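First the structure, in the form of structure tokens, and then the observations on it.
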Amino acid sequence: MAEKKNLNFGLILTVYLLGIFMGALDTGIVTPARTVIQDALGVDAKAGIWMITIYTLAYASSIPVMGKLADRMGRRTIYLLSITLFGVGSLFCGLSQNMDSFAALLIARCVQAVGGGGIMPVATAEFGTTFPAEKRGMALGLVGGVYGVANIIGASVGSAVLDIFGVDNWKFIFFVNVPIALFIIIAGFIALPNTKDKATSKIDGLGIGVLVVMVLCIMYGLKNIDFFDFINTLTSTNVYPFLIAFCFLLPLFIFIEHRAEDPVMNLGYFKNKRILITLTISIITGIILMGLVFVPQLCENVMKVKSGNGGYFVIILGVFAGLGAPLSGKMTDHRGPKFVLSLGFLASIAGSLFLIFVTMPHPSWITVVVSLTLIGLGIGFTMGAPLNYMMLWEVDLKESNSALATLSLVRSLGTVIAPAIMVGFIAHAATGVQGDLLKLMPTEINVPKLPYATELTATMKSQNIKGVPDLTSMQTIKIDMSSSKDSDVDIPDSILKDLQDSDVTTVTSSVKEMAKYMFEQMSPDIIKKIDDGVDQGIDGINTGIAKMDKSIAKMQSAENGMTKGINGMNTAIGKQGTAIAKMNKARAGMASGYKGIESGIAAQNTMSSQLSGVYTYISKNPATPGPGAPASFYTQLPDSMKAQLSPAVIGILQKTYSLQQLQGIINGFDDNVKTLTAKADKLKTSMTKMDKSIASLTQVRNKLITKRNALVTSRAKIASGISGIQKGKTEAKESLREMNVMKAAIPGAFKTAEKNYLKAIDAKSPKIEKTFQDTLNNGFRQIYTMVGIASVAGLLLLMLYRRKKEV
């Protein structure tokens, strides 16, 4: 090995730090391209996640192996082998796009990860043992700073590469590593010393194999635990078989390591209280480091910026982590790692508290920068130099590589456990945010009033048409999305995922997209219900019109029959009137004859009476015979009697001279009276019969007239009914037209309703964003509470740490 004085420490630092940066960067660089890659290679999300999972597992399992090999084969040899594996793996990761093979990508990612696992522990060991004491702290601090910054900005770099080369050329996120790897290999052969252990003991191959399987089992098992559904996931086949395997292999590994000449992992580390504290603090720093993964999303949420732009805030974090790391190295050289770690934990606690109690409720550039500055300094002070110092203090120089590899491996436990819990916080909050957002949604959709809805609803009710909905009630549609019983609409997972993956700037559009989908799914059924109702109304009206036509035809037929009946009755009534008139005329003649007979009888009786009176007078006062011819009875009467006699009687008396003659005349009058009386009686009988006939015919005629009048009234009613039905038919045809107009207007009304509903959501956008922001902040609050608690735990552990010896 070259003498230390001849080493170019600046070039060595550059070569190692460049490798660390490249390896750490690739832990996150694939993240933004995952969905692009899995879609391009035709695999689903469940398979696609393996491009990240397999890298994590292979990386963690290779760390202790590479560290141990570096002790035996030399740091330069293993480091450059690791860089070569990383570069070759990166090359074939990119070529897998040309091969269109997901299997090739996974194999290449394994190769890449195995190489990555040998970079960090070898570089750290080199800085901690080869560099002069005055430069060692700075070098180890830079290791932590570069590693932390690369981890933080990995996803942002991946996004930038995709932006530059396009999503169709995702292979370049891997190809960018190839020239860097070539440079490191060439520079490494020139500048790096090949520090190694000269021991000749047999390599612990069996221990290496068991350790790799153990690491794979514990990492994979822990990675799949959902700490918010602990029992269910613990009993999952993706968890418990691997944890059981780890528990089974652990005593076997301990047995193997006790018998190995040169164990891959020194079990004495776990008997040393100071090393146990160091390793436990290493787990804590892994947890704190993983809190940084959520900084971009947190800043996007509190500052209301689009997803992806949170990477700009990471620059602040990276700058102060980068400044804090070398500063922590210098401070470690002068004040010791315990002091620096304490400052780092205090800075993390202060940053977490400031983030929770100031930045979240009062977001601004100032509060964000302050919190990120504190957290960045906390990371810079806790990553790298202090823990590496503490570990190297407790081990022999020849075990430095494997010791620092163990430190890196244990830190990986923290980086695996923490995201599983932290992601659960965000997922739990995201589950809540969906419900909270849905409660804000308007529960009614305003549908423009359909034309003629009021009139047609009244018409349908008045005509008793069954099955037609109340068209006026369709002006509002209930759509309470906050209830699981809201509807039978199944929202696609893609839309729910978009809502869950929303940021504060896109949550309103995601909610609108879901509302639009629900509306579009519900609308056909509602429109069909209205259409069916309208069609039923149309059918009812058409049926009514057909019935009206039949009724009109029947009524017109009845009206025609009535008209004929009325005409016949009028003819009969006319004839009866004529007959009655003739009978009345005949009767009048009879009455006149009867009256004449009565007058004749009266005259005969009067003359008979007067003559009888004269007869009596003459009989009592006979005339004295005188000279000449006998005088007439008239002359024999006193003047007073003469005055009472009718001219006819006077005429008779003037010609009558004997009582016998007078008696004969009186008898004649009496006979005439009897004859006339007989005629009068006969005529009176005929008149009575005639009166009865006239009365009977008149009664018949009056009844016929009554019937005729009733029929005329009925005909008038029928005519009025026909007119009413025809009017109803006209109105029904108008209703039919209105129905068709309304039916044609339904799709447009629902389009307008959809716009109205989306406008209502837009109006609630500030409240939606605030609710989303506050609810998601609960998840971030829990994450950074966990970071703060982990930092407090680190401080408490440091109180128990007492250094055994000074370097």
Practice prompt. Assign unit charges at the C-beta atoms only (+1 for Lys and Arg, -1 for Asp and Glu), then state the dipole size of the chain relative to its Cα centre in Debye, rounded to the nearest 20.
Written response: 4260
Worksheet, complete the sentence: For the stretch 711-728, in residue order, the Karplus 3J(HN,Hα) values (coefficients 6.51, -1.76, 1.60; θ = phi - 60°; whole Hz; Gly and Pro = x) are 5, 4, 4, 4, 4, 5, 5, 4, 4, 5, x, 4, 4, x, 5, 5, 5, x
Practice prompt. Sort the stretch 236-358 into rounded, prolate or oblate with this rule: let a ≥ b ≥ c be the square roots of the eigenvalues of the Cα gyration tensor; rounded if a/c is under 1.5, and if a/c is not under 1.5, prolate when a/b is larger than b/c, oblate otherwise.
Written response: oblate
Discussion item. For the stretch 604-688, what does the accessible surface come to per residue with a 1.4 Å probe? Please give it in Å².
Written reply: 60
Fill in: Dipole-positive endmost among Thr713, Phe669, Asn605 within the stretch 602-720 (Cβ charges, Cα centre)
Thr713
Worksheet item: How would you order 733-743, 281-291, 372-382, 694-704 from highest to lowest mean count of nearby Cβ atoms within 10 Å?
Response: 372-382, 281-291, 733-743, 694-704
Fill in: Cα-Cα over 26 Å, subset of Lys582/Lys717; Lys304/Lys764; Lys582/Lys689; Lys529/Lys755; Lys727/Lys751
Lys582/Lys717; Lys727/Lys751
Discussion item. Report the per residue volume, in Å³, of the convex hull enclosing the C-alpha atoms of the stretch 563-657.
Written reply: 100
Worksheet item: When the accessible area of the stretch 573-720 is split by element with a 1.4 Å probe, what percent falls to carbon and sulfur?
Response: 57
Worksheet entry | Sequence-separation-based contact order of the stretch 255-358, relative, with Cα cut under 8 Å and 6+ spacing, percent | 12
Worksheet item: Of all the accessible heavy-atom surface of the stretch 205-272, with the other protein chains kept in place and a 1.4 Å probe, what percent is carbon and sulfur?
Response: 68
Response to the item:
Of every hundred units of 1.4 Å-probe accessible area on the stretch 731-796, the number belonging to carbon and sulfur atoms, as a percent, is 61
Discussion item. Charges on Cβ only, +1 for Lys and Arg, -1 for Asp and Glu, centred on the Cα centroid of the chain; of Gly209, Thr616, Ala260, which one is farthest towards the dipole's positive end?
Written reply: Thr616
Response to the item:
Output ordering of 421-427, 596-602 (per-residue mean of other Cβ within 10 Å, highest first) is 421-427, 596-602
Discussion item. Restricting the calculation to Cα positions, tell me the Rg (one decimal) and the Dmax (whole number) of the stretch 719-793 in Å.
Written reply: 30.5, 102
Practice prompt. Treating only the Cβ atoms of Lys and Arg (+1) and Asp and Glu (-1) as charged, compute the dipole magnitude of the stretch 662-807 about its Cα centre; round to the nearest 20 debye.
Written response: 420
Discussion item. As I understand it, the dipole of the chain uses +1 on the Cβ of Lys and Arg and -1 on the Cβ of Asp and Glu, about the Cα centre. Which of Ala187, Thr508, Gly87 lies farthest toward its positive end?
Written reply: Thr508
Worksheet item: How much accessible area per residue does the stretch 723-807 have, in Å², with a 1.4 Å probe?
Response: 53
Worksheet entry | Gyration tensor verdict on the chain (Cα atoms; rounded if a/c is under 1.5, prolate if a/b is larger than b/c, oblate otherwise) | prolate
Worksheet item: How large is the helix-only mean residue ellipticity at 222 nm for the chain, computed as the sum of -39500 (n - 2.57) over DSSP H runs with n ≥ 4, divided by its residue count, in deg cm²/dmol to the nearest 500?
Response: -27000 deg cm²/dmol
Practice prompt. For the stretch 680-722 and the stretch 507-576, compute the distance between their C-alpha centroids and round to whole Å.
Written response: 46
Worksheet item: How about the stretch 275-360: which trypsin sites (Lys or Arg not before Pro) there lie in a loop by DSSP and see at most 11 other Cβ atoms within 10 Å?
Response: Lys306
Worksheet item: More than 22 Å apart: what percent of Cα pairs in the stretch 1-127 qualify?
Response: 38
Worksheet item: Binned at 5 Å from 0, what are the whole-percent values of the Cα-Cα distance distribution for the stretch 201-304, short to long?
Response: 2, 11, 13, 14, 18, 16, 11, 6, 4, 2, 1, 0, 0
Practice prompt. Report the relative contact order of the chain, percent, no decimals, based on alpha-carbon pairs under 8 angstrom and at least 6 residues apart.
Written response: 17
Discussion item. What are the equivalent ellipsoid semi-axes of the stretch 322-427, built from the alpha-carbon gyration tensor (square roots of five times its eigenvalues), in whole angstrom, biggest first?
Written reply: 30, 19, 9
Discussion item. Run the Debye formula on the Cα coordinates of the stretch 273-342, all scatterers equal and no solvent, and tell me log10 I(q)/I(0) at q = 0.17, 0.25 1/Å.
Written reply: -0.77, -1.09
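The values are calculated or read from the model by the stated rules, or taken from the named source; none is laboratory data. Owing to the predicted nature of the structure, the values given are computational and were not obtained by experimental measurement. For neighbour counting, all protein chains shown are included, and Cβ atoms are generated from backbone atoms with ideal geometry for every residue, glycine included. The protein model used for the area step is the full one, side chains on, heavy atoms only, and it has no ligands, DNA or RNA in it. Shrake-Rupley method; radii C 1.70, N 1.55, O 1.52, S 1.80 Å.
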